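Below is one structure, written out as structure tokens; comments come after it.
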Amino acid sequence: MSALLVQLEAIVGPRGILSGVDVASRSCDPFDHVPPASAAILRPASTEELSRIVALCHAAGQPLVMHGGRTGVAGGALAGADELVISLERMARVIAVDPVGGTLTVEAGATIAAVQAAAAEHGLLYPIDLGSKGSATVGGTISTNAGGNRVIRWGMTRHNVLGLEAVLADGTVVSALNTFLKNNTGYDLKQMFIGSEGTLGIVAQAVLRLVPAPSSQNLALVSLRSYDDVLALLGRARQMQHLSAFEVMWQDYYGFVSGHDPTRRPLAPDAPFTVLIETMGQDEAADSKAFENCLAQAHEAGLILDAVMASSGKQIADLWRVREGSEVLVRHMSPFLSFDISVDIRRADDFVEATRAALKERFGTCRMVSFGHLADSNIHIGVHIGPDTLTRATQIEACVYGLVARFGGALTAEHGIGMTKRDFLPQHVTPTALATMRRLRDALDPDRLLNRSVLF
Ligand SMILES: Cc1cc2nc3c(=O)[nH]c(=O)nc-3n(C[C@H](O)[C@H](O)[C@H](O)COP(=O)(O)OP(=O)(O)OC[C@H]3O[C@@H](n4cnc5c(N)ncnc54)[C@H](O)[C@@H]3O)c2cc1C
């Protein structure tokens, strides 16, 4: 290993390699301090350097783990003692913004916040929006096909990437930096890398699709008495052309977060459901009118118990803070396990209740919180069964994922398989789908050098 490190340093220079305390002080996990066990973190400053170090590691049979912003919650960035880490933090340049073509070309280590700031200078928006956008990177979000808060309006990461450049396990650079909306010239290789969790190649650069920055934003938090009312409200909200978020919080989540943090309690905490609805558009007067009409009609139909509407940028941020209360969960519910599943929207409440009942029956006491991007069929669930929650993780996961399968849902909606869900993957895809994934991986990385413990 030490001879290899000397050769690697010769490529990336002294600034391009971290060791000792600089490695130990990093975490591979956003919520717990889990440092890489690796001897070094390699920090290439260009695609060329990246390609050369990967080729060298390939020749030496050296396994690698990629790091973006390390905000991933599926354990995909965890690194063992015999693995080296590659971080793209020195490859974070916004290379070009093209307001005419509506594209932004960027190195993969740039954060989503930096991309959005660069787009905003041109009146444009990169619409992938996550609570972690200050740290999450272009490469990490592409590799996990991140979703986030505005998927209902602009889609997942997959729908917002036009092209990319990736480095394969042997160091080959695959440049597919397409800038066109329409390009059917052969296989669309970028799609292979998006969502592949760093197992097929290392994303080095990307061409992102930009949309006009919205000039109007309407936001309300409403409380409802039943899940049928939530579905009825969603049906009405979907009629609005510019619906950009429809986030549902079950009482277990809203009551818990607002109970521990009164600054997150704009409505009484006891309603069965609290929903955040948002539109983003270009015509302030018309958008506000459509939004207010929708809520007024829902109120007249008896769907809404209570509501607050944001009337300033600060109030918008305050209402979003209610929904993005994961720090409250970390502070007051730890240790807990989090689940990120998709299930038929019409059956989501049945799923939540079935999960709660199954966990109570199996483990006795159990705290569960449920919330999420319901309009995208995506629910997040947090589960705490006591101090032994993490030691009994496999049993809790088997219980929850068994129900996901029974409800015909998806094992992960947006966070990915990583290492944490790897053992459950075979029960959630068909044998031929899994075999095809293996063939693809074997074709590109037969020695399993890239993120070898991720996915399967
Ligand atoms: C507060 C908070 C809110 C979040 N909200 C959301 C949300 O709404 N929606 C959502 O989808 N996720 C969310 N996440 C999860 C996380 O932010 C995403 O998974 C994000 O895409 C990870 O990006 P990253 O740069 O931090 O990647 P990392 O965590 O560093 O890595 C994630 C995976 O990608 C691989 N990888 C990293 N960079 C590259 C690269 N250049 N090439 C190939 N593989 C690479 C890593 O090896 C790892 O397997 C949230 C996380 C937090 C902490």
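What pairs in LYS133/LYS289; LYS190/LYS421; LYS182/LYS421; LYS314/LYS421 have C-alpha atoms more than 26 Å from each other? Where the Cα-Cα span goes over 26 Å, the pairs concerned are LYS133/LYS289; LYS182/LYS421; LYS314/LYS421.
In order along segment 173-189, phi translates into HN-Hα couplings of 9, 9, 9, 9, 7, 4, 10, 8, 6, 10, 7, 10, 7, x, 4, 8, 4 Hz, rounded to whole numbers, per the Karplus curve 6.51 cos²θ - 1.76 cosθ + 1.60 with θ = phi - 60° and x for Gly and Pro. Three semi-axes describe the equivalent ellipsoid of segment 334-415; taken as square roots of 5 times the Cα gyration tensor eigenvalues and ordered largest first, they are 20, 13, 11 Å. On the basis of the beta-carbon distance and an R0 of 60 Å, ASP270 and ILE95 show a calculated FRET efficiency of 0.70.
Expressed as a whole percent, how much of the Cα-Cα distance distribution for segment 216-326 exceeds 17 Å? The proportion of pairs with Cα distances above 17 Å equals 50 percent.
Stokes-Einstein D for segment 2-87 at 10 °C, 1.306 mPa s, Kirkwood Rh over Cα pairs, in µm²/s? Don't skip to the end; give the middle numbers.
Details: Rh = 13.0 Å.
Rounded to a whole number, D works out at 123 µm²/s.
Restricting the calculation to Cα atoms, segment 232-279 shows an Rg/Rh of 1.05 when the hydrodynamic-style radius is the Kirkwood one.
Step by step: find N for segment 165-291, compute 2.2 N^0.38 Å, then divide the Cα radius of gyration by it. What's the final number? Intermediate values should be presented prior to the final figure.
Numbers: Rg = 21.4 Å, N = 127, 2.2 N^0.38 = 13.9 Å.
Ratio of Rg to 2.2 N^0.38 Å for segment 165-291: 1.55.
With a Förster radius of 41 Å applied to the beta-carbon distance between ARG225 and HIS260, the computed FRET efficiency rounds to 0.95.
Can you give me the Rg/Rh ratio for segment 159-198, using Cα atoms for both radii and the Kirkwood formula for Rh?
Details: Rg = 10.4 Å, Rh = 10.9 Å.
Rg/Rh for segment 159-198 comes to 0.96.
Across segment 94-212, the convex hull enclosing all Cα atoms gives 95 Å³ per residue. Remark: segment 9-24, residue by residue, has Karplus-estimated 3J(HN,Hα) of 5, 5, 8, 9, x, x, 6, x, 9, 10, 8, x, 5, 5, 7, 5 Hz, where x stands for each Gly or Pro and the curve is 6.51 cos²θ - 1.76 cosθ + 1.60 at θ = phi - 60°. The trypsin sites (Lys or Arg not before Pro) of segment 199-260 meeting both criteria, a DSSP state outside H, G, I, E and B (loop) and at most 15 other C-beta atoms within 10 angstrom of the site's C-beta, are ARG225, ARG238. Sorted into 20 angstrom bins from 0, the C-alpha pair distances of the chain split as 24, 55, 21, 1 percent.
For segment 385-456, just say rounded, prolate or oblate: build the C-alpha gyration tensor, square-root its eigenvalues into a ≥ b ≥ c, call rounded for a/c under 1.5, and beyond that prolate if a/b exceeds b/c, oblate if not. Judged from the Cα gyration tensor, segment 385-456 comes out oblate (a/c at least 1.5, b/c at or above a/b).
A short reminder: the numbers here are calculations on the coordinates, not readings from a lab. Computed from a prediction, not measured in an experiment: that's the story for all the values here. Using ideal geometry, Cβ is built from the backbone for each residue, glycine included, and neighbour counts are taken over all protein chains shown.
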